[in-house]
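Q: Before anything else, here's the structure in question.
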Amino acid sequence: MQTFTGLGFLSALWFILGFSMVYGTSQLGIVGDTTFIFFNNIPLQDALPYAPTIPGVTFATYVMMLAIVTPLLITGAVAERMKWKAFLIFVIAWSIFIYYPLAHWVWGKGGWLAQIGVFDFAGGIVIHASAGMSSLAAAIVLRRRKHFGSSLLLPHNIPLAVIGASLLWLGWFGFNAGSGFITGALASNVLLVTHIGSAMGATVWVLLSWKRSSRPSLIAALNGMLVGLVAVTPSAAYISAQSAFFLGIIAGMISYLAMIFFKEKLKIDDALDVGAVHGVTGIVGSLAVGLIASATIFPAIPNGVLNGGDWGLFQSQAIGVGAAILLGFGGTIIISKVIDKTIGLRVKEIEEDIGLDISQHAEKAYLE
């Protein structure tokens with residue numbers, strides 16, 4: 001319900017003002033102006049400077065996908081606890097005050113992070129680091145589910161999860177390879193890098209789950225696959241397949257340890273491990289740009305440290321990551337607290353026991 005209806009509300013929001021806030025003429029490097037509100041002044045046939053190989057309306061519609069999926073990632077961290085009306089206000093406010101400004105800083109012409117040399121090919125900073133850190137903040141404010149830690153909370157339907165993950169793995173090829181807005185050698189390399197990184201992430205998580213519990217976990221494989229995809233997303237156009245191979249391994253290990261730390265040490269009830277899988281991995285992948293980027297593959301980027309470059313690119317990436325963490329985590333705390341103090345953020349305990357399907361929407365997934 002949250003994901004599907006969020007698709008509708010957030011599409012409308014992007015059409016009304018989101019695209020203009022991100023890609024309009026920069027105002028002091030902070031946010032775009034009102035040039036493109038309601039998709040006005042977007043050419044049907046001619047290109048925009050952001051994507052000179054495709055019509056402007058194609059570009060504006062494609063990047064709508066990024067604006068929709070980012071706040072909806074957070075719903076995975078706060079499952080079964082947030083009121084419907086609170087959710088609606090939350091994702092709208094989060095988009096306006098966190099995603100749109102951050103996307104302009106990194107991707108908008110004149111954005112202040114872009115001006116200092118931050119590179120984020122398809123959203124490691126803008127999407128995954130911001131949403132992942134926001135997920136941890138939202139989970140902290142909402143507090144744990146009633147039975148978190150006292151009973152075993154099993155996945156509802158693993159076969160459906162496999163189907164969804166399979167669609168995601170396939171769809172990510174378009175998500176990453178399409179972000180270059182061009183066909184040819186670059187897109188082909190992005191396609192390969194995306195798959196190799198994902199394969200290694202899945203492999204690492206399966207092996208780690210096997211070592212930890214003596215049983216290799218399918219859910220771990222799904223999460224690991226996603227970790228690999230997230231890890232290469234910020235650098236997919238800038239690195240070789242060989243670099244992606246090792247990045248998938250390293251990000252897989254770091255994110256798995258982060259998942260254990262958040263859930264078992266800090267006791268944060270992040271239901272789908274969004275903070276570890278998206279947040280920590282997005283940070284690792286974005287910082288990795290400063291280490292393994294190759295000007296041979298993408299001439300517009302400086303070489304990373306491991307390819308003979310200096311520390312300048314890494315420092316820029318660190319600033320970009322820091323901005324995403326501060327805006328995402330801090331901004332989410334503020335938005336969540338304001339909603340909680342006004343209309344209330346969390347459902348009542350009895351509504352949580354009954355389940356949000358029935359208590360919030362008077363609908364049930366399965367008839368008995």
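Q: Filter segment 80-121 down to residues that are over 19 Å from G24 (Cα atoms) and basic (K, R) and give me whichever is surrounded by the fewest Cβ atoms within 10 Å (Cβ to Cβ).
A: Checking each candidate, the answer is K85.
Residue by residue, here is whether (1) without any contact (Cβ under 8 Å) to a residue 60 or more places away in the chain; (2) polar (S, T, N, Q); (3) touching a Leu at 6+ places or on another chain (Cβ under 8 Å) holds:
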position	(1), (2), (3)
Q317	no, yes, yes
I325	no, no, no
I333	no, no, no
K341	yes, no, no
E352	no, no, no
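Q: If I filter segment 224-258 down to residues being polar (S, T, N, Q) and surrounded by 24 or more Cβ atoms within 10 Å (Cβ to Cβ), which single residue comes out as nearest to H278 (Cα to Cα)?
A: The residue in question is S255.
Q: On the basis of being within 24 Å of G76 (Cα to Cα), assigned to a helix (DSSP H, G or I) and among the small types (G, A, S), does A187 make the cut? Quick ask: steps written out before the conclusion?
A: Numbers: within 24 Å of G76 (Cα to Cα): no; assigned to a helix (DSSP H, G or I): yes; among the small types (G, A, S): yes.
So A187 does not fit the description; no.
Q: Take the residues in segment 198-216 that are assigned to a helix (DSSP H, G or I) and among the polar types (S, T, N, Q), then tell me which one is nearest to D270 (Cα to Cα).
A: S209
Q: Right, another one. Please verify whether segment 33-47 includes one or more residues that are assigned to a loop (DSSP other than H, G, I, E, B), touching a residue at least 60 places away in the same chain (Cβ under 8 Å) and either of a type in the set (V, I, T) or within 24 Å of G178 (Cα to Cα) (or both).
A: The answer is no; no qualifying residue exists.
Q: Restricting to segment 217-271, give me the number of residues that are modelled with pLDDT of 95 or more, in contact with a helix residue (DSSP H, G or I) (Cβ under 8 Å, 6 or more places away or on another chain) and not in a helix (DSSP H, G or I).
A: So the answer is 12.
Q: Out of all the residues in segment 13-29, is one or more surrounded by 14 or more Cβ atoms within 10 Å (Cβ to Cβ) and touching a Pro at 6+ places or on another chain (Cβ under 7 Å)?
A: No, that holds for no residue.
Q: Being crowded, with 20+ Cβ neighbours inside 10 Å and farther than 29 Å from T203 by Cβ is true for just one of L367, L327. Which residue is that?
A: On the way: L367 fails: crowded, with 20+ Cβ neighbours inside 10 Å.
Step by step, each of L367, L327 is checked, and only L327 is crowded, with 20+ Cβ neighbours inside 10 Å and farther than 29 Å from T203 by Cβ.
Q: Restricting attention to segment 32-61, which residues are in contact with a helix residue (DSSP H, G or I) (Cβ under 9 Å, 6 or more places away or on another chain) and crowded, with 19+ Cβ neighbours inside 10 Å?
A: Within segment 32-61, G32, F36, I42, L48, F59, A60 meet the criteria.
Q: Yes or no: A187 over 20 Å from the mean Cα position of the chain (by Cα) and under 19 Å from T296 (Cβ atoms)?
A: Against the criterion (over 20 Å from the mean Cα position of the chain (by Cα) and under 19 Å from T296 (Cβ atoms)), A187 qualifies.
Q: Out of A199, A161, I need the residue that is touching a Gly at 6+ places or on another chain (Cβ under 9 Å), farther than 27 Å from W107 by Cβ and either surrounded by fewer than 18 Cβ atoms within 10 Å (Cβ to Cβ) or in contact (Cβ under 8 Å) with a residue 24 or more places away in the chain (or both). Which one?
A: On the way: A161 fails: touching a Gly at 6+ places or on another chain (Cβ under 9 Å).
Result: A199 is the single residue among A199, A161 that is touching a Gly at 6+ places or on another chain (Cβ under 9 Å), farther than 27 Å from W107 by Cβ and either surrounded by fewer than 18 Cβ atoms within 10 Å (Cβ to Cβ) or in contact (Cβ under 8 Å) with a residue 24 or more places away in the chain (or both).
Q: Considering only segment 276-315, state which residues are part of a helix (DSSP H, G or I), without any contact (Cβ under 8 Å) to a residue 40 or more places away in the chain and more than 20 Å from the chain's Cα centre (by Cα).
A: Within segment 276-315, L291, V305, L306, N307, F314, Q315 qualify.
Q: Give segment 169-194 a look and list any residue that's of a type outside the set (A, V, I, L, M, F, W, C), over 18 Å from F245 (Cβ atoms) and in contact (Cβ under 8 Å) with a residue 40 or more places away in the chain, or say none.
A: G178, S179, G180
Q: From the list F173, F181, which residue is in contact with a His (Cβ under 9 Å, 6 or more places away or on another chain) and under 30 Å from L48 (Cα atoms)?
A: None of the others qualify; the one that does is F173.
The values are calculated or read from the model by the stated rules, or taken from the named source; none is laboratory data. Computed from a prediction, not measured in an experiment: that's the story for all the values here. All Cβ positions, glycine included, derive from the backbone under ideal geometry; neighbour counts span all protein chains shown.
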